[in-house]
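First up is the structure itself, then whatever we jot down about it.
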Amino acid sequence: SWRWHGDGMAQRSRSSSAQLAPQRWPLLVVVHGHGGGAVPAVLQSLLDELAQARGAAVWVQALTADPIEIPPRQKLLLVPLLLTPGSHVRVDVPAIRQRLRGLGHHVRTLPFLGAWQPWLQHLRQLGCDAESQVVVHHPLRAGIADRYLHVLSQALGLPLRSADTCDADFGRVLPLALAPNRMTAHLSAQQEGGLALLEHPATRQFLFELLLDLP
């Protein structure tokens, strides 16, 4: 059986391990994307494997791409693989949900990835294992996202710094980016560490299992 926890995560109950797996919901995964709607290879390969393992469709909506077309009247889980509650989470994701419901789909939206407690616990462990001294994030506007970073710093036990204020004096860094981008490329060239999160095999496997365990 499946149970939904207060943080929005679905987890399989221990007693169900010997039972047949339930029918999985198709997923519509929202990612930031690169220019022209490109999805980073490290992320696309994970989602391709996920679709095969779940035995259900996994569609990907890059925020840099036009809205994708999916078959009519789907029962969807909308999964925002976004790390901070910026405008993409607060504006774009609700707009995607509204558009899909307007097209006749049944949509259930999960919280953005950065709010999942198991994910935050994994990041804390990753930071410890990598002996990171600071977490680096893209510059964010003051407000909800800025307040979230304060909570995140407490959860991870590490200071956070905006990429535009980070220099070599910070030592080993943990970039707050799922896939390689201009920020991780710059950090890799300037400091110790700098790999995107999905370039850590343990993190890739952890996220894969989190998504696999969704209903």
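For the range 195-209, check the following and say yes or no: at least one residue is among the aliphatic types (A, V, I, L, M), farther than 15 Å from ARG161 by Cα, at pLDDT below 90 and open to solvent by 10 Å² or more (accessible area, probe 1.4 Å). Yes, the range 195-209 contains at least one residue that is among the aliphatic types (A, V, I, L, M), farther than 15 Å from ARG161 by Cα, at pLDDT below 90 and open to solvent by 10 Å² or more (accessible area, probe 1.4 Å).
If you filter the range 115-151 down to residues that are of a type in the set (A, V, I, L, M, F, W, C) and outside any helix (DSSP H, G or I), you find that the one that is farthest from ASP213 (Cα to Cα) is ALA142.
Considered as a group, the residues in the range 10-43 that are in a helix (DSSP H, G or I), open to solvent by 30 Å² or more (accessible area, probe 1.4 Å) and closer than 18 Å to GLU209 by Cβ include one that is modelled with the highest pLDDT, and that residue is VAL42. The C-beta contact set for the range 73-95 (first residue more than 15 Å from LEU140 (Cα to Cα), second residue basic (Lys, Arg) and in a strand (DSSP E or B), distance under 9 angstrom, 6+ apart or interchain) comprises LYS75/ARG108; LEU76/ARG108; LEU77/ARG108; LEU78/ARG108. Any idea which residue in the range 71-83 is farthest from LEU46 (Cα to Cα), counting only those that are open to solvent by less than 30 Å² (accessible area, probe 1.4 Å) and assigned to a loop (DSSP other than H, G, I, E, B)? My answer is LEU83. Among the candidates ALA177, ALA155, ALA163, ALA130, the residue that is farther than 24 Å from GLN44 by Cα, small (Gly, Ala, Ser) and touching a residue at least 40 places away in the same chain (Cβ under 8 Å) is uniquely ALA130.
Residue count for the range 133-152 under the criterion of being over 22 Å from LEU195 (Cα atoms), open to solvent by 50 Å² or more (accessible area, probe 1.4 Å) and either in contact (Cβ under 8 Å) with a residue 40 or more places away in the chain or not hydrophobic (A, V, I, L, M, F, W, C) (or both): the result is 5.
Name the residue that is modelled with the lowest pLDDT, counting only residues in the range 157-174 that are touching a Gly at 6+ places or on another chain (Cβ under 9 Å) and in a strand (DSSP E or B). Per the criteria, the residue is VAL173. Does ASP66 count as open to solvent by 40 Å² or more (accessible area, probe 1.4 Å), assigned to a helix (DSSP H, G or I) and acidic (Asp, Glu)? Against the criterion (open to solvent by 40 Å² or more (accessible area, probe 1.4 Å), assigned to a helix (DSSP H, G or I) and acidic (Asp, Glu)), ASP66 does not qualify.
The values are calculated or read from the model by the stated rules, or taken from the named source; none is laboratory data. Small disclaimer: the values here were computed from a predicted structure and weren't measured. Here Cβ is always computed from backbone atoms with ideal geometry, including for glycine, and neighbour counts include all displayed protein chains. Calculation scope for accessible area: heavy atoms of the full protein, side chains included, ligands and nucleic acids excluded. Shrake-Rupley method; radii C 1.70, N 1.55, O 1.52, S 1.80 Å.
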